[in-house]
Amino acid sequence: MARLELKQVRKTFGGASSADGVSLTVEPGEIVAVFGPSGGGKTVLLRMIAGMFEPDEGDILVGGRSIVGAAPERRGVGMAFQNFALFPHMSARDNIASGLRAKTAKEAATRIDAISRLLKIEHVLGHLPRELSNGQKQRTALARALIGNPEVLLLDDPLRNVDAKLRYEMRLELPNLLRRGAASVLYVTQDYREAMAIADRIAVLMDGHVEQIAAPEEIYSRPASVAVARLFGDPSINLAEVTPCNEHGALVAAVAGAKVRLGANGGTATDRPCWLGVRPEDLALSRTASEDAIPARILAITPMHEKSVLLLRLADGTEWFVALPPDAPHGAADDAVFVRFLPEAALLFDRATGLRVGLPHHRQAA
């Protein structure tokens, strides 16, 4: 199989940049998820690789060979589209077979049956697209892209229209299926959980440029910017405006009138306006004041089965979320509480640039 390489790829539509110097590499057998907000350029990126658009600048290589200007069928690229793109006059079986170059009819039938069982569409192979649900259409398009064992596989939000139960199952099964083919896989999704469950690495694409590319745990625990930090987590990361200072060799900051420790002072954040970021699951509640405890009041409690989410208002009016185990004591709405976190749970971002500043941080994704 072949490596996929994008080198400073740029694409502009009507003065708006959909890809602004995008560079990334996907190794054979690797799954890289392209994740980011809607309109960030994810689908345009896939379509340039597939040959539907050509980049204005930069190069796209498969196995070291530039494919810019090559016909789509000569690129060694398979793609499952978000809008299915199934042939309306062909059955699901024939749609899947259209992506297959098999030597014999028996080999084709065997491979179609195997892929359809895996994707749980074997019972609708004889149906036309108009007779399929959206989830069945999406799985048919995915089967067509997978069955030809392309060198590069492009998947445009392939589980978006699949029901919740099947989506969960596919998050477990799809990585093994994709790695079995050893293709270089670029997987677009707007669901951060899906990106973290499926990908070896995640490329966060915002406003046409890659904000960060790293392993899922790295991006969750050490986001490159406050913008990336906000995209991961439910509830989202808590933020507070702080100006850290050095106190006896430690970095401290005032949060809602309370002094909290942020870890050993490397000098990079001292006397610098910052955003303090703390994940909701890193916060703990108590009824008693103590060192590093921030006074707050509970505004609302939302049970979410696997956790309880509390909305707090700190003494300065800032609102934070706390995520607790469902059986943890948490009080009731309007209760006065104190909230604290360990210094190693703190993230600091420069308030002017939004970029993370150098604090060690070693926790794993929740």
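Checking the stated criteria, E73 turns out not to satisfy the condition of being of a type in the set (D, E), more than 27 Å from F35 (Cα to Cα) and free of Cβ contacts under 8 Å to residues at least 12 places away in the same chain. For segment 104-128, the set of residues classified as in a loop (DSSP other than H, G, I, E, B) and exposed (fewer than 12 other Cβ atoms within 10 Å of the Cβ) consists of T104, G126, listed by residue number.
For segment 14-60, give me each residue that is of a type in the set (A, V, I, L, M, F, W, C), farther than 17 Å from V210 by Cβ and modelled with pLDDT of 90 or more. Walk me through how you get there before you give the answer.
Of segment 14-60, the ones of a type in the set (A, V, I, L, M, F, W, C) are 16, 19, 22, 24, 26, 31-35, 44-46, 48-50, 52-53, 60.
Within this subset, residues satisfying the condition of being farther than 17 Å from V210 by Cβ are 16, 50, 52-53.
Residues satisfying the conditions are A50, M52, F53.
Of the residues L299, L262, which is in contact (Cβ under 8 Å) with a residue 12 or more places away in the chain, assigned to a strand (DSSP E or B), touching a strand residue (DSSP E or B) at 6+ places or on another chain (Cβ under 8 Å) and within 30 Å of P216 (Cβ to Cβ)? Quick ask: steps written out before the conclusion?
Values: L299 fails: within 30 Å of P216 (Cβ to Cβ).
After applying the criteria, what remains is L262.
Which pairs do you get when a residue that is in contact (Cβ under 8 Å) with a residue 40 or more places away in the chain, found in segment 117-132, comes within reach of a residue that is outside any helix (DSSP H, G or I) and surrounded by 15 or more Cβ atoms within 10 Å (Cβ to Cβ), reach meaning Cβ atoms under 7 angstrom, with the pair 6+ apart or on two chains? What qualifies is L128/S91; P129/L86.
To keep it simple, each residue is scored yes or no on (1) in contact with a Phe, Trp or Tyr (Cβ under 8 Å, 6 or more places away or on another chain); (2) within 30 Å of Q212 (Cβ to Cβ).
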position	(1), (2)
L285	yes, no
R297	no, no
K307	no, yes
L312	yes, yes
D316	no, no
P326	no, no
L348	yes, yes
R351	yes, yes
L355	yes, yes
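Look through segment 200-222, keep the residues that are part of a loop (DSSP other than H, G, I, E, B) and touching an Asp or Glu at 6+ places or on another chain (Cβ under 9 Å), and return whichever of them is surrounded by the most Cβ atoms within 10 Å (Cβ to Cβ). Write out each step before concluding.
Let us first name the residues in segment 200-222 that are part of a loop (DSSP other than H, G, I, E, B), namely 200, 207-208, 215, 222.
Remaining after also requiring touching an Asp or Glu at 6+ places or on another chain (Cβ under 9 Å): 200, 207-208, 215.
On the way: D200: 16, D207: 15, G208: 23, A215: 14.
If we take residues in segment 200-222 being part of a loop (DSSP other than H, G, I, E, B) and touching an Asp or Glu at 6+ places or on another chain (Cβ under 9 Å), then G208 is surrounded by the most Cβ atoms within 10 Å (Cβ to Cβ).
Can you tell me which of H248, H209 is out of contact with any Leu (no Cβ under 8 Å at 6 or more places or on another chain), farther than 30 Å from G15 by Cβ and not charged (D, E, K, R)? I'd like the intermediate steps shown before the answer.
Numbers: H209 fails: farther than 30 Å from G15 by Cβ.
Step by step, each of H248, H209 is checked, and only H248 is out of contact with any Leu (no Cβ under 8 Å at 6 or more places or on another chain), farther than 30 Å from G15 by Cβ and not charged (D, E, K, R).
Within segment 9-63, considering only strands (runs of 3 or more DSSP E) that don't extend past its boundaries, which have at least 3 residues that are without any contact (Cβ under 8 Å) to a residue 60 or more places away in the chain?
Per the criteria, 57-62.
Yes or no: segment 74-85 includes at least one residue that is in contact with an Asp or Glu (Cβ under 9 Å, 6 or more places away or on another chain), surrounded by 13 or more Cβ atoms within 10 Å (Cβ to Cβ), over 30 Å from Y168 (Cα atoms) and at pLDDT 85 or above. Yes, there is a match, as at least one residue in segment 74-85 is in contact with an Asp or Glu (Cβ under 9 Å, 6 or more places away or on another chain), surrounded by 13 or more Cβ atoms within 10 Å (Cβ to Cβ), over 30 Å from Y168 (Cα atoms) and at pLDDT 85 or above. Among the residues of segment 229-238, not a single one is among the polar types (S, T, N, Q) and either free of Cβ contacts under 8 Å to residues at least 40 places away in the same chain or closer than 30 Å to P28 by Cα (or both).
Screening L177 against (1) in the same structural domain as A145 (by TED's automatic domain parsing); (2) of a type in the set (A, V, I, L, M, F, W, C); (3) surrounded by 15 or more Cβ atoms within 10 Å (Cβ to Cβ) leaves a single unmet condition, (3).
Pick from P150, P88: which is modelled with pLDDT of 85 or more, farther than 24 Å from F35 by Cβ and either part of a helix (DSSP H, G or I) or not hydrophobic (A, V, I, L, M, F, W, C) (or both)?
The match here is P88.
The values are calculated or read from the model by the stated rules, or taken from the named source; none is laboratory data. Predicted model only: the values in this text are computed from it and were never measured. Cβ sites come from the backbone with ideal geometry, for glycine too, and all protein chains shown count toward neighbours.
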